[in-house]
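Asks: Sharing a structure below in structure tokens format, with a few things to ask.
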Amino acid sequence: MGILKIATIGEPVLREIAHPLSQEDLQTPVIQSFIDDLIATMRDAAGAGIAANQVFRPLQICAICVENNPRYPYKPNFPLTVLVNPELEVTDPETFRNFEGCLSVPNLRGEVERYTGVHVRAWDRFGAALSFEVRGLTAGTFQHELDHLGGKLFVDRVADPRTLCTWQAFERYHQASFVERAKALVQKYGQ
Ligand code: ZN
């Protein structure tokens, strides 16, 4: 398994719309080993998720995993999930303000509106159909990763640029109030 180089903001690959995979593509050793590397890279960088564009491969593959994440200590755990050719459908049009960060946007966070409920349809890494709903903060994570596959970054969705801040400024000025909001969401949705 290898750790892949992460593309940072300004790299054109982050603005590409990722290409879908066929079942045949997905079963190849090259793609299976790429998925192993993608997961290893996410874990190495302590990301809550990662999309293939972020490692210079614009393919419709992303991974999400939250296990007591030090970058986002308030995020509820979510088991490792690989999505291939994913699609989201909004199941709850209510939104919440999520303070997001991104492995491709080093040392910057900002406030983004996300839907509180989305239904996810995708293949797993072996091509089996997945269909499930996520709520709250977890729904925010899925929307962030699917944005990557559409060539979007969280900074595109920051409605008020005055919320942009370094991680140090986040901890100093925003963390306490955001954690309160995050806890209320986790309590409400269990995610
Ligand atoms: Zn990201």
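Asks: Could you state the number of Å between the C-alpha centres of the stretch 102-153 and the stretch 49-89?
Replies: 7 Å
Asks: Step through the residues of the stretch 162-173 one at a time and calculate ³J(HN,Hα) from phi using the Karplus curve (6.51 cos²θ - 1.76 cosθ + 1.60, θ = phi - 60°), rounding each to whole Hz and writing x for Gly and Pro.
Replies: 3J(HN,Hα) across the stretch 162-173, in whole Hz: 5, 7, 4, 7, 6, 5, 5, 5, 4, 4, 6, 10.
Asks: At 1.4 Å probe size, with every protein chain present, just tell me what the per residue accessible area of the chain comes to in Å².
Replies: Normalised by residue count, the accessible surface of the chain is 47 Å².
Asks: Explain nothing, just compute: Karplus ³J(HN,Hα) = 6.51 cos²θ - 1.76 cosθ + 1.60, θ = phi - 60°, for every residue of the stretch 102-107 in order, whole Hz, x for Gly and Pro.
Replies: 7, 4, 8, 10, x, 6
Asks: Divide, for the stretch 28-76, the radius of gyration over alpha carbons by 2.2 N^0.38 Å, where N is the residue count.
Replies: In units of the 2.2 N^0.38 Å rule of thumb, it is 1.19.
Asks: Given the stretch 1-83, what percent of its DSSP beta bridges are antiparallel, to the nearest 5?
Replies: 90 percent
Asks: Just the projected area, averaged over all directions, of the convex hull on the alpha carbon atoms of the stretch 16-106: how many nm²?
Replies: 7.0 nm²
Asks: Report, largest value first, the span of the C-alpha coordinates of the stretch 123-191 along each principal axis, in whole Å.
Replies: Here the Cα extents, ordered largest to smallest, are 44, 31, 19 Å.
Asks: May I ask you to evaluate 6.51 cos²θ - 1.76 cosθ + 1.60, the Karplus curve with θ = phi - 60°, for each residue of the stretch 81-87 and list the ³J(HN,Hα) values in order in whole Hz, giving x for glycine and proline?
Replies: 9, 9, 10, 10, 6, x, 9
Asks: So which chymotrypsin sites (Phe, Trp or Tyr not before Pro) in the stretch 1-107 are both in a DSSP loop and have at most 15 other Cβ atoms within 10 Å of their Cβ?
Replies: PHE56
Asks: Which of PHE99, ALA128, THR166 sits closest to the plus end of the dipole of the chain, meaning its Cα is farthest towards the positive end, when Lys and Arg get +1 and Asp and Glu get -1 on the C-beta?
Replies: THR166
Asks: May I pose another question? Rank-order 102-111, 36-45, 58-67 by packing density, defined as the average count of other C-beta atoms within 10 Å over each peptide's residues, highest first.
Replies: Order by mean packing, descending: 58-67, 102-111, 36-45.
Asks: Next up: Kindly provide log₁₀ I(q)/I(0) values, in the same order as q = 0.10 Å⁻¹, from the Debye equation applied to equal alpha-carbon scatterers of the chain.
Replies: The Cα Debye sum returns log10 ratios of -0.37.
Asks: Take the solvent-accessible surface of the protein heavy atoms, probe 1.4 Å, and return the percent of it on the chain that carbon and sulfur atoms account for.
Replies: The nonpolar share, carbon plus sulfur, comes to 53 percent.
Asks: Please list the non-local residues whose amide H lies under 5 Å from the amide H of THR91, H modeled 1.01 Å from N, same-chain partners needing a gap of 5 or more.
Replies: Answer set, sorted by chain and number: GLY117, VAL118, HIS119.
Asks: Take each of the peptides 4-16, 165-177, average the number of other beta-carbon atoms within 10 Å over its residues, and list them starting from the highest.
Replies: Going by the mean number of other Cβ atoms within 10 Å, highest first, we get 4-16, 165-177.
Asks: Something else: Note down the net charge around ARG181, summing +1 for each Lys or Arg and -1 for each Asp or Glu among other residues with Cβ under 15 Å from its Cβ.
Replies: Value of the local net charge: +2.
Asks: For the chain, what is the charge dipole size about the Cα centre, in debye to the nearest 20, if Lys and Arg each add +1 at the Cβ and Asp and Glu each add -1 at the Cβ?
Replies: Approximately 560 debye in magnitude.
The values are calculated or read from the model by the stated rules, or taken from the named source; none is laboratory data. Note that the structure is a prediction, hence the values are computed from the model and not measured. Ideal geometry is used to build each Cβ from the backbone, glycine not excepted, and the neighbour counts take in all protein chains shown. For the accessible areas, the whole protein counts, side chains as well, though only heavy atoms, and no ligand, DNA or RNA atoms are used. Shrake-Rupley method; radii C 1.70, N 1.55, O 1.52, S 1.80 Å.
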